[in-house]
Amino acid sequence: ELKVEQNPLFLSMQEGKNYTIYCNYSTTSDRLYWYRQDPGKSLESLFVLLSNGAVKQEGRLMASLDTKARLSTLHITAAVHDLSATYFCALRRSNDYKLSFGAGTTVTVRA
Amino acid sequence: DTEVTQTPKHLVMGMTNKKSLKCEQHMGHRAMYWYKQKAKKPPELMFVYSYEKLSINESVPSRFSPECPNSSLLNLHLHALQPEDSALYLCASSQDPKRTGNTIYFGEGSWLTVV
């Protein structure tokens, strides 16, 4: 069974500082997804990482994938208040429809 | 247009009621999904339809009955639910079920309360 572990589960950020969310997984995976969820809202797709060494950036968020270490990171640069949300990583293996989610990291950005 | 539309947004139903949740996408996606999400938890897969055929049922109780009338529509029929079934129900779709690298798009969800 594919297991996905995110840490930390809660992250209090100070505006302007940099932080990283970690996503470890247990078995070989083809695809690594990052989603954002605002309270009471649906999931917004942030990144899809397809191969070892993949790095994608959008605004203050940058995601990377190391398939050998079975690790993905979501790096937040110079946090701002509107990044407050819950962030999920999720994995999908080839020939498998199932998206296995991590527990989520709840991010709060304070002034 | 990367939109998955779900109706209703909120539903309150009694344990003896029959109701349905509806999902629609016009992106030409051939895989559609139902997920259930409890508060402060990640989404859990319930069903997957691939090319309008049920591909995965994650051991979901029969009081939940999915239906895919055509490639754009996905329904979830609800009957004799329990209060513990109260949750956010998310519909999602992706382009090609056989290509795992496709983005999976989620709808806004339907908040279900069973009383």
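Within the stretch A:99-111, can you find the residues that are surrounded by fewer than 21 Cβ atoms within 10 Å (Cβ to Cβ) and either aliphatic (A, V, I, L, M) or without any contact (Cβ under 8 Å) to a residue 12 or more places away in the chain (or both)? If you could, list the steps in order and put the result at the bottom.
Going residue by residue through the stretch A:99-111, those that are surrounded by fewer than 21 Cβ atoms within 10 Å (Cβ to Cβ) are A:103, A:106, A:108-111.
Residues satisfying the conditions are A:A103, A:V109, A:A111.
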Keeping to the stretch A:64-85, report how many residues are under 10 Å from the mean Cα position of the chain (by Cα), farther than 14 Å from A:V4 by Cα and of a type outside the set (A, V, I, L, M, F, W, C).
2
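I'd like to check which strands (runs of 3 or more DSSP E) are fully inside the stretch B:15-115 and have at least 1 residues that are surrounded by 14 or more Cβ atoms within 10 Å (Cβ to Cβ), within 14 Å of chain A (Cβ to nearest Cβ) and touching a Leu at 6+ places or on another chain (Cβ under 8 Å). Spell out how you get there, then give the answer.
Working: elements: B:18-25, B:31-37, B:44-50, B:53-57, B:64-70, B:73-79, B:87-94, B:110-114.
In the stretch B:15-115, B:18-25, B:31-37, B:44-50, B:53-57, B:64-70, B:87-94, B:110-114 are the strands (runs of 3 or more DSSP E) which contain 1 or more residues that are surrounded by 14 or more Cβ atoms within 10 Å (Cβ to Cβ), within 14 Å of chain A (Cβ to nearest Cβ) and touching a Leu at 6+ places or on another chain (Cβ under 8 Å).
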Counted residues, the stretch B:75-97 - those being farther than 22 Å from B:L54 by Cα and without any contact (Cβ under 8 Å) to a residue 60 or more places away in the chain
3
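A short reminder: the numbers here are calculations on the coordinates, not readings from a lab. Everything numeric here is computed off the predicted structure, so don't read it as measured data. Using ideal geometry, Cβ is built from the backbone for each residue, glycine included, and neighbour counts are taken over all protein chains shown.
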